[in-house]
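Every read-out reported here was derived from the displayed coordinates using simple, explicitly stated rules and does not represent laboratory data. No experiment lies behind these values; they were computed from the predicted model shown. Methodologically, a virtual Cβ is constructed for each residue, glycine included, from the backbone with ideal geometry; neighbour enumeration extends over all protein chains shown.
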Amino acid sequence: MTSFRSTRLLLSVLGWILTTGLVGLTAEAAAERTTAERIYVGGTILTVNDSQPRVEAVAVASGRIVAVGSRADVLGCRGEQTEIVDLAGRTLVPGFVDGHSHFFSLIDVQTQALCASPPAGPCRSVADVIAALGRIKERCKIGPGKFVMGFGCDPDLLAEKRFPSKAELDRAFPENPVFIVHVSGHGAKLNSKALTAYDVTAATPTPVGGVIGRESGSQEPDGLLFETAFMPIFAKLPSPGDDELLAILESGQDLYLRAGITTAQEGATMKHQLDLLRVFADRGSLKLDLVALPFITEIDAVFAGKPPANEPEYRNRLRIGGVKIVTDGSPQGRTAAFTKPYLTAGPAGQKDWRGELSFPQAHINDWVKKVYDGGATLFVHCNGDAAIDSLLEAHRYAAAGDPTKPRGTVGIHSQFIRPDQLEKYAAWHITPSFFTLHCFYFGDTHVANRGAEQAEFISPMKSALALGLHPANHTDFNVAPLDQLFTIHTAVNRQTRSGVILGEAERISPLEALRAITLDGARMYGEEHKKGSIEPGKLADLVILSADPTAVPAAEIEKIEVLETIKEGKTVWKK
C-alpha cells in the first residue's frame, strides 16, 4: 500500500513540475518538499531535457529525481543523512533505453562459441571458427551426440569468404551435431548430424520465404538454412533446463547493466520464454526494467485467445509492451527483401535475387489488423525497402481508413528505407528504431551487395529528425555487442570497418545520438513521462560515464566507458 508520506511526496513533486515549468528549484522550495537521499554534483550533467539541457546538480529520493538545477539550489534538499556524490569531473546522463535486442540471447553468449570476427570476436578464418567450436565443446564438456553450437559467424569477414563446409564440420566433429548461427541471427550452417537430427534431406522442399542451400548439381542440403527454413529448427534447438536458464539470466543481465542499460527489450518472445521471465521477475531477480514483445505466432497462447494488448504497468520490472512481427531477413545475410536485385548472388547462389518476404502479404495484413484491433503496440522487423513497403501496406489495410492515427507502431531496423517511405513514416506516425552499428559492422558488405548510393542512406537518422520523427537506435544484441557508447559513436561518425564514411549527410550530433537511446527510446515504449531524461518526477535511472560524449572529439566517443549504472536511485552495476 502506498504510504501517506510517499503519496504526499509524489503530489508535491508533480505540483512543483506544473508550477515551475522545470526551470530549477530554489533552496526554500526544496526544503518544503523532501529531503534527498543522494545528491550528484561536481561533473557534467546532461539532462536530455531541452528546457534545461545542462545542470550542476541532481537530487534523488525514493527512486525518483526530486530536484534538478544549480548546485546551490539543489543542495537545499540536503538533510543529515543525504549522501553527496562527487562526480569528480565525470558525466551523468539518463539511463540508456534499449531500442531493440533479444534478452534471451544472454543464454547463447554464455553457452555457445563466439564465432564473430574482430573486434566483436576472434575468428578470421574457417579454421578459427572450428577452433572456437572445439573450445566450447571442451569447456562445456559436450559429449557424443550432443549439439555443439556457435553464434555470430560472418562469412564475409572470414579469409575464405564462406562458412565452414558441411564436410569440414563433419571431419572436425564426427560424433556431434553442429549448428553455427549467422551473425544476422536469421540463418545457420549445420553439419550432417544436425541435418539428420532435424530431418532436412534432399526431399525437403524449400519453404516460402526460406533458403536451403544445396550441393552443386543435386538437391542434397549443404547445411545452409535461412529464414523460414531456419526458424522452426532454431525454435527446437536443445537448451539448458529451466533452473539453469534462470541462473544464466541472473548473472547474464550484468551484460546489460555494464552497458548502462536500465530498460531492456526481449524482442521476439516465445510463450515458454515469457513464462520463465515471469518466474524470474517474481523472484525479484530483475535489476532493470524489461519489455517483452511476444512473437506474432504466440499471441493466442500468450493472451489466452483474447485480443493482444500491452500491460500498462511493470510487474516486478517486467511487462508486455507490444507484439513482434517479422517481414524479411537481413541485408548482411542477403535475405532482406528489396524491390531491386542484389548486386551479388543470393545466400544459396540465386541469380537476380531480391530476397523474399518472410510471410505472404495477406498473412502480414491479417496479423497487423489483429494487433491494432487489440490495441497492442506493433513492432515490425523490416530491413529491405520491399519489406518496408509490406509494413506500410499492412498498416494501411489495418488502419480502418485512417492511417494517420497515432498507434505507436515501430519499424525495427528500417535499414534500407527510401526517402518516400520515410516521409510516409512521418505522416503515419510510425517510429523507426534504427541500427547505426551496421555502418561499422556491415557497411562495406552493404556497399558490395546494394551499391554505395543505397548503402549511404541506411539508418537515416538525420533525415528522420528533419521530418519530425523521434528515431530510437539499437544493438539488436546478440547480432552486435551491447555497447551503447559505440551505438552513439556510429550514429555520429558512420564509419565502416575500412574507414569509409557511409552517408556523411546522415551523421547526427552526439546529443541527438544520446537522445535516441534515452528519451526517444523511452518514447518508443510510451514511457517518456517517467524515463529518458533527468527531470523532477522521473525515475532516477542514471548512468555515470568517464567523459562527456558531447565534448570529446567525435572519433573518441567509442573510448568512453560506463562507470556506474543506477536504477531508481540504487547502484546496480559499478566498474
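With an 8 Å cut-off on Cα pairs and a minimum separation of 6 or more residues, tell me the relative contact order of segment 128-264 in percent.
So the answer I get is 17 percent.
Averaged over every viewing direction, what's the projected area of the C-alpha convex hull for segment 175-269? Give it in nm², one decimal, please.
8.2
Under a plain spin-label model, where a point goes 7 Å from the Cα along Cα-to-Cβ, how far apart in nm are ARG396 and SER216?
Here the answer is 4.5 nm between the modelled labels.
Restricting to DSSP H runs of at least four residues, report the calculated mean residue ellipticity at 222 nm for the chain, -39500 (n - 2.57) per run over all residues, nearest 500 deg cm²/dmol.
Mean residue ellipticity at 222 nm (helix-derived): -8500 deg cm²/dmol.
Give me Rg/Rg_expected for segment 266-527, where Rg uses Cα atoms only and Rg_expected = 2.2 N^0.38 Å with N residues.
With N residues counted in segment 266-527, Rg over 2.2 N^0.38 Å equals 0.99.
Indicate, rounded to the nearest 5 percent, the antiparallel portion of the DSSP beta bridges found entirely in segment 105-235.
Values: 10 of 16 bridges.
Taking every DSSP beta bridge within segment 105-235, about 60 percent pair in antiparallel fashion.
Of LYS530/LYS574; LYS146/LYS166; LYS530/LYS567; LYS141/LYS193, which sit over 22 Å apart, Cα to Cα?
Flagged as over cut-off: LYS530/LYS574.
Averaged across orientations, what area in nm² does the convex hull of the alpha carbons in the chain project?
Directional mean of the projected Cα hull area for the chain stands at 26.2 nm².
Please give the contour-minus-distance gain from ARG162 to SER239: 0.36 nm per residue of separation, less the Cα-Cα distance, rounded to one decimal in nm.
Full extension from ARG162 to SER239 adds 25.0 nm.
Using just the Cα positions, wrap segment 38-193 in a convex hull and report its mean projected area in square nanometres, one decimal place.
Approximately 13.9 nm², given one-decimal rounding.
Place +1 on the Cβ of every Lys and Arg and -1 on the Cβ of every Asp and Glu in the chain, take the dipole about the Cα centre, and give the residue among GLN415, THR35, CYS153 whose Cα lies farthest towards its positive end.
It is THR35.
So what is the relative contact order for segment 465-568, in percent, with contacts set as C-alpha pairs under 8 Å and at least six apart?
Once divided by the residue count of segment 465-568, the mean separation gives 26 percent.
To the nearest 20 debye, what is the magnitude of the charge dipole of segment 266-527 about its Cα centre, counting +1 on the Cβ of each Lys and Arg and -1 on the Cβ of each Asp and Glu?
It comes to approximately 240 debye.
Based on the mean of other beta carbon atoms within 10 Å per residue, what is the order of 558-567, 270-279, 179-188, 231-240, most packed first?
Peptide ranking by packing, descending: 179-188, 558-567, 270-279, 231-240.
Based on the mean of other Cβ atoms within 10 Å per residue, sort peptides 203-215, 473-485 so the most packed one is first.
473-485, 203-215
How much of the DSSP beta bridge set in the chain is antiparallel, as a percent to the nearest 5?
Just about 50 percent of them are antiparallel.
If one computes P(r) from the Cα atoms of segment 105-235, what percent of pairs lie at distances over 19 Å?
Numbers: 3792 of 8515 pairs.
When every Cα pair of segment 105-235 is considered, 45 percent fall beyond 19 Å.
Segment 503-575 to segment 310-361: how many Å between their Cα centroids?
A separation of 28 Å, based on Cα centres.
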